[in-house]
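The next block holds one structure in the form of structure tokens; read it before the comments.
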Amino acid sequence: MAPQNIIVELHTNLSKHIDPEYREQARRFSKEEIRLLGVRVPVVRRISAAHFSEIKNLDKKEVFQICEQLLKKEQEFQTIAFDWLNKIRKKFEPSDFEFFQHCLENYVSNWAACDDFCTHALGFFLYKFPQFLPQLKSWANSENRWMRRASAVSLIYSLRKDFYLEDAFGLAQILLEDKDDLVQKGYGWMLKEATKTQQTDIFNFVMNHKAKMPRTALRYAIEKLPASMKQEAMK
């Protein structure tokens, strides 16, 4: 099936499930202006799964091209694009980094898209190819808030497997005094994920930096620590 026909099919099926009330709720909830049809996420993911068979045997570059076309459209299509990229993750190669960075720079414009992409397809890529971890430092210094959030959130996949803690600390130090609350929440979340296996290290990091760490980031980072540690960190 031609790529354009796949996109038309997706639009037809998504349109059957538009919920105007949900659309308005989602728009009010988001701090950014978002484009969406108004289809609830579980329904979008079911439609994504149902249509994946139409593209799963295509050449990876063809899948990338289709996904980029989806990323130019409403939020629901972006969700499908990130889902399909994640489903073909076993085909990822180092040369794909340029495409992923391109997607991040040009199509991610809200926290939901950022986190969906970064904790799945992009997170897996960085786990598999750690030679690209130094690139996250340039993202952390970007003027683009989503690049800065992505620099931290992209490590969550690896941290859940107990990898790359020192890289996480390096990024947290760069982002430490960031004024954007969504970036603060992003690196706080990154640190929180590491507490599942590295409680003491995260506690020590927070204690050493809490004088400068925004309260939002601190609260996220210590959320899963034992009560005694949380109390000490909040003093």
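Residues of region 42-60 being assigned to a helix (DSSP H, G or I) and either open to solvent by less than 20 Å² (accessible area, probe 1.4 Å) or in contact with a helix residue (DSSP H, G or I) (Cβ under 7 Å, 6 or more places away or on another chain) (or both), which ones?
Passing the criteria: 44, 45, 47, 48, 51, 52, 54, 60.
If you go through region 29-47 one residue at a time, do you hit one that is under 15 Å from the mean Cα position of the chain (by Cα) and free of Cβ contacts under 8 Å to residues at least 60 places away in the same chain?
no
Does residue 166 qualify as being touching a helix residue (DSSP H, G or I) at 6+ places or on another chain (Cβ under 7 Å), more than 25 Å from residue 63 (Cα to Cα) and in a helix (DSSP H, G or I)?
Considered against the rule, which asks whether it is touching a helix residue (DSSP H, G or I) at 6+ places or on another chain (Cβ under 7 Å), more than 25 Å from residue 63 (Cα to Cα) and in a helix (DSSP H, G or I), residue 166 comes out as no.
Considering 4, 65, which residue is in contact with a helix residue (DSSP H, G or I) (Cβ under 7 Å, 6 or more places away or on another chain), open to solvent by 30 Å² or more (accessible area, probe 1.4 Å) and not in a loop (DSSP other than H, G, I, E, B)?
Just one listed residue meets the conditions, 65.
Return the residue satisfying two criteria in turn: it lies in region 130-143 and is open to solvent by 50 Å² or more (accessible area, probe 1.4 Å) and outside any helix (DSSP H, G or I), and of such residues it is farthest from residue 181 (Cα to Cα).
Step by step, filter region 130-143, then rank; the result is 134.
Restricting to region 7-20, count the residues that are touching a helix residue (DSSP H, G or I) at 6+ places or on another chain (Cβ under 9 Å) and assigned to a helix (DSSP H, G or I).
6
Before we move on, is residue 152 within 10 Å of the chain's Cα centre (by Cα) and either β-branched (Val, Ile, Thr) or under 25 Å from residue 63 (Cβ atoms) (or both)?
no
Going residue by residue through region 21-28, is there one that turns out to be part of a loop (DSSP other than H, G, I, E, B), touching a residue at least 12 places away in the same chain (Cβ under 8 Å), open to solvent by less than 80 Å² (accessible area, probe 1.4 Å) and small (Gly, Ala, Ser)?
no
Inside region 73-129, can you point out the residues that are open to solvent by 60 Å² or more (accessible area, probe 1.4 Å), assigned to a helix (DSSP H, G or I), in contact (Cβ under 8 Å) with a residue 24 or more places away in the chain and among the hydroxyl-bearing types (Ser, Thr, Tyr)?
127
Tell me whether region 155-164 contains one or more residues that are among the polar types (S, T, N, Q) and within 21 Å of the chain's Cα centre (by Cα).
yes
Whether any residue in region 146-162 is closer than 25 Å to residue 27 by Cα, open to solvent by 50 Å² or more (accessible area, probe 1.4 Å) and out of contact with any Gly (no Cβ under 8 Å at 6 or more places or on another chain) is what I want to check.
No, there is no match, as no residue in region 146-162 is closer than 25 Å to residue 27 by Cα, open to solvent by 50 Å² or more (accessible area, probe 1.4 Å) and out of contact with any Gly (no Cβ under 8 Å at 6 or more places or on another chain).
The values are calculated or read from the model by the stated rules, or taken from the named source; none is laboratory data. Bear in mind the structure is a predicted one, so any value in this text is a computation, not a measurement. Every residue, glycine among them, receives a Cβ derived from its backbone with ideal geometry; neighbour counts consider all protein chains shown. Remember, those area values only see protein heavy atoms, side chains included, never the ligands or the DNA or RNA. Shrake-Rupley method; radii C 1.70, N 1.55, O 1.52, S 1.80 Å.
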